[in-house]
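Chemist: Sharing a structure with you now.
Since every read-out is calculated from the coordinates, none of them should be taken as a lab result. It should be emphasised that the depicted structure is a prediction, and the values quoted were computed from it without experimental measurement. Quick reminder, even Gly has a Cβ in these numbers, built from the backbone with ideal geometry, and neighbours come from all protein chains shown.
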Amino acid sequence: MEVKMSKHLLIIGDARNMKELKNESIDLMITSPPYWNLKEYGNGDSEKGYNQYIREIKEVLIEVSRVLKAGRFACINVGTAVSNSEMKHIPCDIIEIMKRLGFTFKKEIIWVKPKGTQGLWQRGTTKFLKKEPYPGYLNLNIMHEYILIFQKKGEFKIEFNEKNKLSEEFIKKVCWSVWEMKVSYTKGHPAPFPEELPYRLIKLYSQEGETVLDPFGGSGTVMKVAKELNRNSVIYEINPKYLELIKTKVGWEQKTLNSKHEFKLIIRDDKNA
Ligand SMILES: C[S@@+](CC[C@H](N)C(=O)[O-])C[C@H]1O[C@@H](n2cnc3c(N)ncnc32)[C@H](O)[C@@H]1O
């Protein structure tokens, strides 16, 4: 019987400072930054507020670039946002930041969600159909997000062995630039991604025993999937109110005969850091 083993570190703290992690200690980064309009950015729906939001993401990405090993991949799931009727192309701004940090922009995948999820049907269609059904008043239901794949300078080395070989079934699912995936139904967090998203990326860009980082941990989806795929994980989450949700999701207290997963928790007091 194969015994599954992995180590997982959860830090309740601000990922703009990942002082717990050594330089070049992480094999893969998968994350989804907070939605702009779901977080308080001082100046709200303004240019100044947006710039502050992008600056915070940049500070986290600078840390990501420090802790990621050479030649390794950083996968960022992010959508666009609308403010005062203007489209903010957050993915474009993130691509610029990553390129300035020395990463190579390798791939773009579009995640398409089923029509009508997240209440978007009402917001877009109802207004267009019932209030302003005229040319020039198109109101879009945004049903896609981006998954941007970057590589840090250096060589990616992987063993060509049976364990690392991806199945034909899996390859046929992931080799399209559009991934159709459901949204997550995790309760208690406003913006989790579906487990299928880190599942595909972890299999595509890491091998067993390696360590996956999510600096914007949310409900802990990356940690859960990393554990299931025999990878170690480190996640940061700034908001302590998600601690119990994460613990439940990842099976913190669970013990089984054929698995040995170690969990460690650090709660930082960033105000006095
Ligand atoms: C879009 S959610 C991530 C959801 C996650 N992928 C999941 O499946 O649950 C972004 C998370 O980042 C957290 N966050 C925002 N700023 C942060 C920071 N500076 N450091 C750490 N976490 C942060 C938010 O509290 C939020 O839970």
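Chemist: How would TYR199, TYR185 line up from fewest to most surrounding beta-carbon atoms within 10 angstrom?
Modeler: Ordered from fewest to most neighbouring Cβ atoms within 10 Å, TYR199, TYR185 come out as TYR185, TYR199.
Chemist: Run the dipole for the stretch 174-273 about the Cα centre, Lys and Arg Cβ at +1, Asp and Glu Cβ at -1, nothing else charged, and hand back the magnitude in debye, nearest 20.
Modeler: 200
Chemist: If you don't mind, another one. To test your reading of the geometry: what angle, between 0 and 90 degrees and rounded to tens, separates the Cα axis of helix 47-67 from the longest principal axis of the chain?
Modeler: 20
Chemist: Counting GluC sites (Glu not before Pro) as exposed when in a DSSP loop with at most 12 other beta carbons within 10 Å, what is the longest stretch of the chain free of them?
Modeler: That gives 41-154 as the longest site-free run.
Chemist: For the chain, taking Cα atoms only, what is the radius of gyration to one decimal and the Dmax to the nearest whole Å?
Modeler: My reading of the Cα-based Rg and Dmax gives 19.3, 65 Å.
Chemist: Might you report the magnitude of the Cβ-based charge dipole of the chain about its Cα centre, with Lys and Arg at +1 and Asp and Glu at -1, to the nearest 20 debye?
Modeler: Roughly 140 debye for the chain.
Chemist: Cross-link list LYS113/LYS165; LYS48/LYS264; LYS107/LYS224; LYS48/LYS173: which exceed 31 angstrom alpha carbon to alpha carbon?
Modeler: LYS48/LYS264; LYS48/LYS173
Chemist: Could you put TRP252, TRP111 in order, starting from the residue whose Cβ has the fewest other Cβ atoms within 10 Å?
Modeler: TRP252, TRP111
Chemist: Under the Karplus relation 6.51 cos²θ - 1.76 cosθ + 1.60, θ = phi - 60°, what is the ordered set of whole-Hz ³J(HN,Hα) values for the stretch 4-9, x standing for Gly and Pro?
Modeler: Per residue, the Karplus-derived 3J(HN,Hα) values read 7, 10, 6, 10, 9, 10 Hz.
Chemist: Mind pulling the angle between the C-alpha long axis of helix 196-205 and the longest principal axis of the chain? Nearest 10 degrees, somewhere in 0 to 90.
Modeler: For 196-205 against the chain, the angle is about 50 degrees.
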